[in-house]
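Visitor: One structure, as structure tokens, below. Some questions next.
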There are 2 protein chains.
Amino acid sequence: MQNIKRIAGEIARASVPIVIVHGAGSFGHPQAKKYHIQQNPDTEGLAKTHRAVLELNTVFVETLEEEGVAATGVHPLDCLLAERGVVKRWEIEIIKKMVDFGVTPVIHGDVVMDTVNGISVISGDQILTYLAKKLDVTVIGAGTAVDGVLDKNGRTIPHITSSNFKEVSDYIIGSTDDDVTGGMRGKVLELLKLAEFGIESVIFNAELSNMVFKFLSGEVIKATRISGA
Amino acid sequence: MQNIKRIAGEIARASVPIVIVHGAGSFGHPQAKKYHIQQNPDTEGLAKTHRAVLELNTVFVETLEEEGVAATGVHPLDCLLAERGVVKRWEIEIIKKMVDFGVTPVIHGDVVMDTVNGISVISGDQILTYLAKKLDVTVIGAGTAVDGVLDKNGRTIPHITSSNFKEVSDYIIGSTDDDVTGGMRGKVLELLKLAEFGIESVIFNAELSNMVFKFLSGEVIKATRISGA
């Protein structure tokens, strides 16, 4: 909670047009696991998992508002149609209009309706990838709880491209045990796909004070940069 | 609140596949008025009005869940793009999939992004009309705080069609002073449009115990029926 308030404050201070995407964190993953919603989709798992991520989203949106950012939650269950766990359709014009209007959309990993599977889980990272391609995104900042992608000695790998990915791939471990959506490895893989489209990413430690502000202000920070080869 | 709990219980008891649409009621209308969001759209009006209707929606969804209905809120701001105050695009497949999956979508009047006006208010009645045409709707029940549409003596007008609308039109007054979206007259006009498409509506008093249950069970109730000529 303290972190959310601090990060919201840094976002307010930086005052740049952004779209925020967050994962389910400790809210949604335990629910998704408990109800086995990927293997055994049912209405209870859907409702409970969605409600859990909504709770985190609401805290984030309300904290941003308190810090003076006009923010609104956008919930993938309402607007995103998946097919076999992949985004099939999503009216992105709404997100564009929000940003143009001066509103910061706060979007999250979610359980969504799926044309084949009934329901499926779409991670925050998948959402990020989809949005980045559709919107005119300059750079993606991935705030995590570590100093970027670490090597086996715990040192930050400064730069990952598709060329050196195999080399560093072994070191990449999941960020938390509860993450049903791929952890750090999944994140890097998604961001590498974006790098192919010319969209650069920066993975940094958002738990450290001022890192979000510095990233948004274009300052150089300790981080892993992911870009095209 | 007592009414919401009772109505949620009646919906649970009837156990039929439905889509619920509610207005902003005493939550959103005062906000929409205060911030003049139709005349002077800004981010504060957007955020405050949306948050107010979200609050009502959350109460409704949580109460339905408590009564055993798998329900989820669907928020037009997230998924509906308007043009000059009229629905332009909305991925209705998501609503269909929810109903097929056994989930009851609970949708509300909302402030939404608008391609021309920046933002605009879309009433619960407009949403109802749009959905009814897109979904395979058998009948629409409009639960209000009165016994349907009343004549000048306070008696329920049993049947309104486009043929007798002019005749009864004078008696129809707004349901509340705070309603920025047309009140009872607006409701009847929207439902008459649907009647032209062969979709019948029933306006009844949802404040009376068991009326929602009886309507959903197909029983005859004191109400105004709106149908084609």
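The values are calculated or read from the model by the stated rules, or taken from the named source; none is laboratory data. Just so you know, these numbers come straight off a predicted model, no measurement behind them. Cβ coordinates were reconstructed from backbone atoms using ideal geometry, including for glycine residues, and neighbour counts include every protein chain displayed. Areas reflect the complete protein model, heavy atoms only, side chains present, ligands, DNA and RNA absent. Shrake-Rupley method; radii C 1.70, N 1.55, O 1.52, S 1.80 Å.
Visitor: All but one of (1) more than 19 Å from residue B:4 (Cβ to Cβ); (2) at pLDDT 95 or above; (3) not in a strand (DSSP E or B) hold for residue B:81; state the number of the condition that does not hold.
Guide: Checking residue B:81 against (1) more than 19 Å from residue B:4 (Cβ to Cβ); (2) at pLDDT 95 or above; (3) not in a strand (DSSP E or B), the one that fails is (3).
Visitor: Out of region A:43-53, which residues are open to solvent by less than 20 Å² (accessible area, probe 1.4 Å) and at the interface with another protein chain (Cβ under 8 Å from one of its Cβ atoms)?
Guide: A:46, A:47, A:50
Visitor: Now a separate question. Identify all residues within region A:188-215 that are open to solvent by 40 Å² or more (accessible area, probe 1.4 Å) and either in contact with a helix residue (DSSP H, G or I) (Cβ under 9 Å, 6 or more places away or on another chain) or not assigned by TED's automatic domain parsing to the domain that holds residue A:158 (or both); write none if there are none.
Guide: Passing the criteria: A:189, A:193, A:197, A:200, A:207, A:209, A:210, A:213, A:214.
Visitor: I've got another one for you. Which of the numbered conditions does residue A:183 fail, given that it passes all the others? Conditions: (1) open to solvent by 10 Å² or more (accessible area, probe 1.4 Å); (2) within 27 Å of residue A:51 (Cα to Cα); (3) outside the structural domain of residue A:98 (by TED's automatic domain parsing).
Guide: Looking at each condition in turn, residue A:183 falls short on (1).
Visitor: Scan region B:89-118 for residues that are touching a Ser or Thr at 6+ places or on another chain (Cβ under 9 Å) and either under 21 Å from residue A:53 (Cα atoms) or more than 9 Å from chain A (Cβ to nearest Cβ) (or both) and jot them down.
Guide: B:97, B:98, B:101, B:102, B:103, B:104, B:105, B:106, B:109, B:110, B:111
Yes/no per residue for (1) surrounded by 15 or more Cβ atoms within 10 Å (Cβ to Cβ); (2) farther than 16 Å from residue A:23 by Cα; (3) out of contact with any helix residue (DSSP H, G or I) (no Cβ under 6 Å at 6 or more places or on another chain):
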site: A:94; (1), (2), (3): yes, yes, yes
site: A:103; (1), (2), (3): yes, yes, no
site: A:144; (1), (2), (3): yes, no, yes
site: A:154; (1), (2), (3): no, yes, yes
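Visitor: Of all residues being at the interface with chain A (Cβ under 8 Å from one of its Cβ atoms) and outside any helix (DSSP H, G or I) in region B:54-72, which is surrounded by the most Cβ atoms within 10 Å (Cβ to Cβ)? Just the residue, please.
Guide: Here the answer is B:71.
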